[in-house]
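Contents: one structure, followed by commentary.
Bear in mind that the values in this text are calculations on the coordinates, not laboratory data. Keep in mind it's a predicted model, so treat the numbers as computed, not measured. Note that each Cβ is placed from the backbone with ideal geometry, even for glycine, and that neighbours are counted across all protein chains shown.
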Amino acid sequence: MDNQAPSSEHYKKLAIEPLTVILANNYGFLKGNALKYLMREEYKHGVEDLEKAVWYIKLLIKERERERDESAAGISLFANAVPQGGTQ
């Protein structure tokens, strides 16, 4: 089996294919798809691809906010567990 992923014509017009960038940087699904749509918009579906990129970016923002909130909640819970006012 060939190690090359199938490539469509709109990706062959780019200096670097999105998959190469995504894999080299260990981008996840959401960031990878946003990048893919941004990179191909000029050669495939134009504004529709930009809208898809925005959709994935908005999902990524929600995911990062959720992670931030969970992290902050964890720090807050830990801070409440530490005795205040010195040693006991």
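For segment 38-52, the set of residues classified as of a type in the set (A, V, I, L, M, F, W, C) and surrounded by fewer than 18 Cβ atoms within 10 Å (Cβ to Cβ) consists of L38, V47, L50, listed by residue number.
No other residue among L35, L14, L23 is over 15 Å from I57 (Cα atoms) and surrounded by 13 or more Cβ atoms within 10 Å (Cβ to Cβ) apart from L14.
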